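Reviewing the structure listed below.
The values are calculated or read from the model by the stated rules, or taken from the named source; none is laboratory data. Everything numeric here is computed off the predicted structure, so don't read it as measured data. Glycine gets a Cβ as well: all are built from the backbone with ideal geometry, and neighbour counts include every protein chain shown. These area figures cover heavy atoms from the full protein model, side chains too; ligands, DNA and RNA do not enter into them. Shrake-Rupley method; radii C 1.70, N 1.55, O 1.52, S 1.80 Å.
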Amino acid sequence: MFTKIIYTFFFLAVISFNAQIKTGINFQAKNLEEAKKLAKQENKLIFIDLYTAWCGPCKLMKKNTFPDAELGEFFNKNFISLYIDAEKEGTELAKKFKIVNYPSFLFLDENGELVQYDYGYYNATQFLNVGQSVINKKSTNKETPTLDEVKGKMVGETIPDFSAKDQFEKTFSLSLEKKKTVLVFIRGQWCPYCNKYIESLQNLAPELQLNNTRLVIISPEKPEFIAKTVNKTKTAYSVLYDENYKIAELFDVLYTPEKKTLDFYEKQLGDDFKKSRSDDSGRLPVSATFILDENQKIIWRHFNPDYKERASLKDILDQL
């Protein structure tokens with residue numbers, strides 16, 4: 001009888017252990033080609049965690065984030081997940097996607113084309129938001145809206161967490177800003193209206209500090225072009241590189257200009273327009289301004305499709 005009890009206890013313990021190790025994201029021992037075939041069969045996207053053996057945040061993601069049951073349920077339903085060492089079997093992937101930050105997260109379609117890129121440490125709740133944003137982006141399955149169609153996120157909506165690097169090589173993460181945040185979208189250093197507006201924003205610095213509020217500028221341009229923005233405006237604010245337009249998409253301010261407008265910009269600006277951003281699609285953000293509270297909820301916005309019209313300094317100050 002005693003032996004039977006011990007056996008039953010051991011059996012239940014094994015079941016419990018197996019249940020525990022199956023929670024969280026199910027990373028499969030497949031290469032990318034195998035994952036692409038499976039993604040097509042199961043109508044899923046591909047998620048790749050590119051890590052290195054020496055990366056502290058990579059280890060924390062593996063220990064704290066990926067085992068989460070809710071996160072695992074969502075990712076296992078929507079993604080074929082791969083766990084790849086960027087310095088071993090993942091060297092070609094790291095080279096192809098120009099990876100310099102770890103951990104890096106590649107979200108690919110069934111053909112291996114990039115849907116979204118992200119990097120850095122996230123807790124389970126934050127990373128679930130990242131995964132949901134990828135699925136939402138893919139499920140819309142429509143082209144970027146035109147200027148007439150884009151509407152911008154509304155007051156009362158909550159923005160998922162995002163991270164981006166500024167001109168000081170520091171990472172800005174929305175969820176870590178336990179204060180009001182003013183986010184200003186610009187089109188690029190080639191835009192004289194953007195440069196003039198950034199210069200005027202410097203006058204807000206004392207009031208922002210007094211009201212425990214941070215202002216950040218969001219640009220679709222690469223770091224070397226953001227350096228031109230900083231040089232032209234002498235701004236001391238953080239200017240974030242919105243790589244792959246992920247922040248503009250979160251705020252629903254991204255649009256594709258008309259062909260005649262694109263032709264004009266390319267003719268007048270040349271490489272400063274065509275080579276300054278993540279791709280050569282010609283997409284731009286509306287020059288909008290949003291104020292978020294400590295919980296990432298929009299409490300005020302200025303959204304005008306006319307790039308000449310910007311939020312007044314008085315209106316911004318009135319919301320602090």
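Descriptive notes on the structure:
- Check on GLU87, charged (D, E, K, R), more than 24 Å from SER133 (Cβ to Cβ) and surrounded by fewer than 18 Cβ atoms within 10 Å (Cβ to Cβ): yes
- Close pairs (6 angstrom Cβ cut-off, 6 or more residues apart or separate chains): in a loop (DSSP other than H, G, I, E, B) in region 110-133, among the basic types (Lys, Arg) anywhere: GLU110/LYS36; GLU110/LYS40; GLY112/LYS36
Here is a yes/no grid of residues against (1) closer than 22 Å to PHE251 by Cα; (2) aliphatic (A, V, I, L, M); (3) within 16 Å of the chain's Cα centre (by Cα):
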position: VAL155; (1), (2), (3): yes, yes, no
position: ASP161; (1), (2), (3): yes, no, yes
position: LEU174; (1), (2), (3): yes, yes, yes
position: TRP190; (1), (2), (3): no, no, no
position: ASN195; (1), (2), (3): yes, no, no
position: ARG214; (1), (2), (3): yes, no, no
position: GLU224; (1), (2), (3): no, no, no
position: ALA227; (1), (2), (3): no, yes, no
position: ASN231; (1), (2), (3): no, no, no
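- Exclusive hit being assigned to a helix (DSSP H, G or I), at pLDDT 95 or above and open to solvent by 50 Å² or more (accessible area, probe 1.4 Å), set LYS267, LYS260, LYS232: LYS232
- Checking ASP280 against (1) surrounded by fewer than 18 Cβ atoms within 10 Å (Cβ to Cβ); (2) over 18 Å from GLN189 (Cβ atoms), the condition it does not meet: (2)
- Scanning region 73-84 for residues that are surrounded by fewer than 15 Cβ atoms within 10 Å (Cβ to Cβ) and modelled with pLDDT of 95 or more turns up nothing.
- Any chance LYS151 is free of Cβ contacts under 8 Å to residues at least 12 places away in the same chain and either assigned to a loop (DSSP other than H, G, I, E, B) or open to solvent by 40 Å² or more (accessible area, probe 1.4 Å) (or both): no
- Where a residue in region 239-252 is surrounded by fewer than 21 Cβ atoms within 10 Å (Cβ to Cβ) and modelled with pLDDT under 95 and its partner, wherever it lies, is assigned to a loop (DSSP other than H, G, I, E, B) and among the polar types (S, T, N, Q), with Cβ under 6 Å and at least six apart: GLU243/SER278; ASN244/SER278
- Which numbered condition LEU174 fails, given (1) open to solvent by 10 Å² or more (accessible area, probe 1.4 Å); (2) more than 22 Å from GLU309 (Cα to Cα); (3) touching a Leu at 6+ places or on another chain (Cβ under 8 Å): (1)
- Looking across GLU92, GLU70, one residue alone is open to solvent by 50 Å² or more (accessible area, probe 1.4 Å), part of a helix (DSSP H, G or I) and touching a helix residue (DSSP H, G or I) at 6+ places or on another chain (Cβ under 7 Å). It is GLU70.
- Every pair of residues 6+ apart whose Cβ atoms lie under 6 Å, when the first sits in region 182-202 and is more than 19 Å from PRO305 (Cβ to Cβ) while the second is open to solvent by less than 10 Å² (accessible area, probe 1.4 Å) and not polar (S, T, N, Q): VAL182/LEU215; VAL182/ILE291
- Residue match in region 202-215 (condition: in contact with an Asp or Glu (Cβ under 7 Å, 6 or more places away or on another chain), surrounded by 13 or more Cβ atoms within 10 Å (Cβ to Cβ) and of a type in the set (A, V, I, L, M, F, W, C)): no
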